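The values are calculated or read from the model by the stated rules, or taken from the named source; none is laboratory data. The shown structure was predicted, so the numbers you read here are calculated from the model rather than taken from an experiment. No Cβ is skipped: glycine too gets one built from the backbone with ideal geometry, and neighbour counts run over all protein chains shown.
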Amino acid sequence: MDNVLVISVYAMTRFAPMEKGKFFTVFSDGAGACVFRASEEERGYITSHYIGDGNHWDSLGIYVGGTRFPATVERIEGKGEVPPNLTFYRRELINRNPDYWPIIIEEALKKADLKKDDIDCYIFTQINLSAIKQTCENLEIPFDKTHNVMGEYGYTGNACIIMALDEARKKERVKKGDLVALTASGVGYTMSTIIFRL
């Protein structure tokens, strides 16, 4: 493949019940896209690392319409075992990101024979600024090596990584030749890091 278009769209606000308080008000809608092109230059994908643990499938999600709670009129109307919108099925507020993001980053760095200081910019899932700060402390990297957009856009889920990378390029936080680490996570949970050279 010579050209690959990656598109990421997040439209969670219609499923986030605003009456549940401030937690759900962080959700925003967003979209991002980027093109990866084959090149003879020494740029592009270097390595990645992924982990997943399905034991936490029931902490947060939209459960009506899945195999455990198939969609029925009653469930869609909110009369079933779980609400039809985003909900804590089993309330679990432990923030795993600061613990696991460093692990997958260090594994990816090891694969590429790179050091933490070699990375010019770290971009994380934009769910929680305190989690990113704690991750930087755990990794022993300066916070100013990250780029964050949640203050402007809120939490845009799977779209936030591409949105943050795009803004980092526009603001010249990253430039051609820089090493960038993108680290993403989702409930359930799954986490991954990709390292590439712009």
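Search the range 22-50 for residues being hydroxyl-bearing (Ser, Thr, Tyr) and part of a loop (DSSP other than H, G, I, E, B), and hand back the single one that is surrounded by the most Cβ atoms within 10 Å (Cβ to Cβ).
Among those that are hydroxyl-bearing (Ser, Thr, Tyr) and part of a loop (DSSP other than H, G, I, E, B), it is Ser28.
For the list (1) loosely packed, with under 14 Cβ neighbours inside 10 Å; (2) modelled with pLDDT of 90 or more; (3) under 19 Å from the mean Cα position of the chain (by Cα), I need the number of the one condition that Asp53 fails.
Result: Asp53 passes all but (2).
Pairs under 7 Å by beta carbon, first residue within 20 Å of Lys175 (Cα to Cα) in the range 101-121, partner part of a helix (DSSP H, G or I) and small (Gly, Ala, Ser), six or more apart or different chains?
Close Cβ pairs satisfying both conditions: Cys121/Ala168.
For Thr87, all conditions in the list (1) over 30 Å from Ala38 (Cβ atoms); (2) modelled with pLDDT under 90; (3) in contact with a Ser or Thr (Cβ under 9 Å, 6 or more places away or on another chain) hold save one; what is the number of the exception?
Among (1) over 30 Å from Ala38 (Cβ atoms); (2) modelled with pLDDT under 90; (3) in contact with a Ser or Thr (Cβ under 9 Å, 6 or more places away or on another chain), Thr87 violates only (3).
Only one of Lys116, Lys171 is touching a helix residue (DSSP H, G or I) at 6+ places or on another chain (Cβ under 7 Å) and more than 25 Å from Ser59 (Cα to Cα); which?
Lys116
Being more than 22 Å from the chain's Cα centre (by Cα), on the phi > 0 side of the Ramachandran plot and modelled with pLDDT under 95 is true for just one of Gly44, Gly21, Gly80, Gly66. Which residue is that?
Going through Gly44, Gly21, Gly80, Gly66 in turn, just one is more than 22 Å from the chain's Cα centre (by Cα), on the phi > 0 side of the Ramachandran plot and modelled with pLDDT under 95: Gly21.
If you go through the range 65-88 one residue at a time, do you hit one that is assigned to a helix (DSSP H, G or I), among the basic types (Lys, Arg), surrounded by 17 or more Cβ atoms within 10 Å (Cβ to Cβ) and in contact with a strand residue (DSSP E or B) (Cβ under 8 Å, 6 or more places away or on another chain)?
Yes, that holds for at least one residue.
Quickly run through the range 164-178 and pick out the residues that are under 20 Å from Lys116 (Cβ atoms) and surrounded by fewer than 18 Cβ atoms within 10 Å (Cβ to Cβ).
Matches in the range 164-178: Lys175, Gly177, Asp178.
Please go through (1) in contact with a Ser or Thr (Cβ under 7 Å, 6 or more places away or on another chain); (2) surrounded by 15 or more Cβ atoms within 10 Å (Cβ to Cβ); (3) closer than 15 Å to Ala181 by Cβ for Lys116 and return the number of the only condition it doesn't satisfy.
Failing condition for Lys116: (1).
Considering Asn148, Asn95, Asn128, which residue is surrounded by fewer than 16 Cβ atoms within 10 Å (Cβ to Cβ) and not small (Gly, Ala, Ser)?
Asn95 is the lone residue from the list that is surrounded by fewer than 16 Cβ atoms within 10 Å (Cβ to Cβ) and not small (Gly, Ala, Ser).
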